[in-house]
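Here's the structure, in structure tokens; my notes come after.
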Amino acid sequence: MPCFKAVVSNLTELRELHLDYVSINSVVPRSLANLSSLTSLRLTQTNLLGNWPVDILNSPNLTTVSLSRSQLFGELPSSVNISMLSKLTDFDVGDNNLSGEIPSWLFALSSIRFLDLSENQFTSVSEFVVNSTSLLDFRLDDNRIQAIPNSVFDLLNLETFSLSHNSLSSS
């Protein structure tokens, strides 16, 4: 079987890459960023290893990113080129070991509907200006969040907000 890196490097016109529950056991290859036609990336429970693959967020046609239930760690980038992610509707990185602050750019994505950051080690949510009225489902369960910014209450179309099993204080 060819290695994951070789497969990704050779399929440059790929639109969808769905390998959920395939045991890849590999570091996320930087060549994923070269898949400029990619609209859907689903690599749930693949045992991907290593730092958060920043380059993935440079694919301008992405609508879905699902890298949940892997072994990714580190922080999400503090800033990205929002225009590259104008089509992104679903972002799922739940059940990894991601940490630090949840960046404000996630809330500036005009098309985002589903945001799952649950079961990680995030400690805070950046204050943000709501640019999106499309966010319907926001999951932050099982992190180390101590406080949420007031801007969360400006997400007027939110239908599901899950914050259980965190370290919230009442101050």
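Values quoted throughout were computed directly from the atomic coordinates according to the rules given, and no laboratory measurement underlies them. Owing to the predicted nature of the structure, the values given are computational and were not obtained by experimental measurement. Positions of Cβ are generated from backbone atoms using ideal geometry, with glycine treated the same way; all protein chains shown enter the neighbour counts.
Things worth noting here:
- Packing around the peptides 3-13, 44-54, taken as the average count of other Cβ atoms within 10 Å per residue, puts them in this order, highest first: 44-54, 3-13.
- Phi to ³J(HN,Hα) by Karplus 6.51 cos²θ - 1.76 cosθ + 1.60 over the range 70-77, Hz, x for Gly, Pro: 10, 10, 8, 9, x, 10, 5, x
- Size-normalised alpha-carbon gyration radius of the chain, reference 2.2 N^0.38 Å: 1.02
- Paramagnetic reach from L19 (point 7 Å along Cα→Cβ, amide N under 19 Å) across the range 57-72: 57-59, 62-72
- Cα gyration tensor shape for the range 18-57, rounded if a/c is under 1.5, else prolate or oblate: oblate
- Rounded, prolate or oblate (a/c below 1.5 giving rounded, otherwise prolate when a/b exceeds b/c) for the range 1-90 by Cα gyration tensor: oblate
- In plain terms, the chain from N51 to S26 could stretch by 7.8 nm, reckoned as 0.36 nm per residue minus the Cα-Cα distance.
- Principal semi-axes of the equivalent ellipsoid, √(5λ) from the alpha carbon gyration tensor of the range 111-170, are 19, 13, 9 Å from largest down.
- Modelled this way, with points 7 Å down the Cα-to-C-beta line, the labels at S167 and E127 are 2.2 nm from one another.
- Local electrostatic count, S104, Cβ distance below 14 Å [Lys/Arg +1, Asp/Glu -1]: -4
- Computed from backbone phi with θ = phi - 60° and the Karplus coefficients 6.51, -1.76 and 1.60, the 3J(HN,Hα) list for the range 19-33 is 10, 3, 6, 9, 6, 7, 6, 8, 6, 5, x, 4, 5, 4, 5 Hz; x is used for glycine and proline.
- For A147 and N61, the difference between the fully extended length at 0.36 nm per residue and the C-alpha to C-alpha distance is 27.6 nm.
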